[in-house]
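Peer 1: Questions regarding the structure given below will be posed in turn.
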Amino acid sequence: MSAEPLLKVTDLKKHFPVRGGILSRIVDHVHAVDGVSLEVAPGETLGVVGESGCGKSTTGRCILRLIEPTSGEIWFQGKDVRKMGGEQLRALRRDMQIIFQDPYASLNPRLTVGGIIGEALQIHNLAKNNKEIEERVVGLLETVGLRPEYMHRFPHEFSGGQRQRIGIARALAVEPKLIVCDEPVSALDVSVQAQVINLLEDLQEKFGLTYLFIAHDLSVVEHISDRVAVMYLGRVVEIATAKDLYANPKHPYTEALLSAVPIPDPKAKRKRIVLQGDVPNPIRPPPGCHFHTRCPIAEERCSRDVPQLKQTTPGHWVSCHLRG
Ligand code: SF4
């Protein structure tokens, strides 16, 4: 990346305590995020992909300080996010927004759409009076492709795609720089998914937004991402430009994920790689390379030594003893 990163995450860890026994003591930890490092340049979209439970959403929430990381560094616009408090944290909450997977659960059912979007404006003092709030809400609804009169309706009156547009309008209301899109289209029909992704792309161009786009499916992030980070059991195993990753996957896990993505050309064939076993329990992740219990090419050292994320070709990083 040439530009100074907008967001820089170094060795981020989040271990959730597991309590047990009658005294509810901490008996173990879930290693949800286990040493994630990544950078996102201004105006870039970094796709973050992996199976459910790989730590991608927890990474996003740690970046936003919605949950406190166990260790590691998060820098946003050159400022240490983990040390922020008071007014700085308030400003961060405006600069970084999140769009959730389930738009319905994330919208207050008791508020009208106008109330939901207007609330964001009020919290951050972005409108002087009710008239200005209303004008801004109307403008935001139009920006996301919804009719202004929808502001008087409640979330349950909308389809999933429309609700997601409302969530996007709420995020946009505070003029953020970075939006964490946490599986924003996973709960939507395929035809609606494309519409929402196209809208996000248009908004990025119009407002110069930066996205961290989380998904469990490589086909979803291919179109929208400049670069893609693949995660497995709390770690980034490969990171590259979207073009390079899809054309030349290097990590065996990425190869397996990609082999499940349909190719538009019916004549082209890709050999399907079916991984054996399930994702191991994150309370006791396998030693060495976390992927060694399912890796088709694992060697003896894989269960002992942790592979480091190494740059193999310019901008293409892989964490594998045999491919790095
Ligand atoms: Fe497979 Fe070993 Fe590479 Fe891990 S380090 S991906 S187990 S070959």
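Peer 1: Which residue, His156, Ile283, Ala194, has the largest displacement toward the positive end of the dipole of the stretch 7-318 when charges sit on each Cβ (Lys, Arg +1; Asp, Glu -1)?
Peer 2: So the residue furthest toward the plus end is Ile283.
Peer 1: For the chain, what is the charge dipole size about the Cα centre, in debye to the nearest 20, if Lys and Arg each add +1 at the Cβ and Asp and Glu each add -1 at the Cβ?
Peer 2: For this selection, approximately 600 debye.
Peer 1: If contacts are Cα pairs under 8 angstrom and at least 6 residues apart, what is the relative contact order of the chain in percent?
Peer 2: 20
Peer 1: Divide by every residue of the chain the summed helix terms, -39500 (n - 2.57) for each DSSP H run of at least 4, and state the resulting mean residue ellipticity at 222 nm, rounded to the nearest 500 deg cm²/dmol.
Peer 2: The per-residue figure over the chain is -9000 deg cm²/dmol.
Peer 1: Between Asp202 and Arg301, what is the label-point separation in nm under the 7 Å Cα-to-beta-carbon projection?
Peer 2: 5.3
Peer 1: Here is a further query. How would you rank 167-178, 188-199, highest first, on the average number of other Cβ atoms within 10 Å across their residues?
Peer 2: My ranking of the peptides, most packed first, is 167-178, 188-199.
Peer 1: Who wins for biggest fluctuation among Pro286, Pro252, Pro314 in a Gaussian network model of the chain, springs between alpha carbons below 10 Å?
Peer 2: Sorting by GNM fluctuation, first place goes to Pro314.
Peer 1: Also, quick follow-up: Residues of the chain: accessible area per residue at 1.4 Å, in Å²?
Peer 2: 49
Peer 1: If each of Leu89 and Ile26 carries a label point 7 Å out from its Cα toward its Cβ, how far apart are those two points in nm?
Peer 2: Taking the two extended label points, one gets 1.9 nm.
Peer 1: Related question: Taking the highest mean first, how do the peptides 148-155, 271-278, 159-166 order by number of other beta carbon atoms within 10 angstrom per residue?
Peer 2: The densest-packed peptide leads the list: 159-166, 148-155, 271-278.
Peer 1: For the stretch 7-318, with all protein chains present and a 1.4 Å probe, just round the carbon and sulfur fraction of the accessible area to a whole percent.
Peer 2: C and S atoms contribute 51 percent here.
Peer 1: Then there is this: With Cβ to Cβ distances under 12 Å as the rule, what net charge do the other residues near Ala256 carry (K, R +1; D, E -1)?
Peer 2: For residues surrounding Ala256, the net value is +1.
Peer 1: Hey, another quick one. Note the full-extension length gain between Asp278 and Asn125 as 0.36 nm times their separation in residues minus their Cα-Cα distance, in nm to one decimal.
Peer 2: Extending this stretch completely gives an extra 50.3 nm.
Peer 1: Taking the highest mean first, how do the peptides 208-219, 6-17, 70-81 order by number of other beta carbon atoms within 10 angstrom per residue?
Peer 2: 208-219, 6-17, 70-81
The values are calculated or read from the model by the stated rules, or taken from the named source; none is laboratory data. What you see is a predicted model, and the numbers here were worked out from it, not measured in a lab. Glycine also receives a Cβ, built like all others from the backbone with ideal geometry; neighbour counts cover every protein chain displayed. Accessible surface is based on the protein model in full, side chains and every heavy atom, while ligands, DNA and RNA are left aside. Shrake-Rupley method; radii C 1.70, N 1.55, O 1.52, S 1.80 Å.
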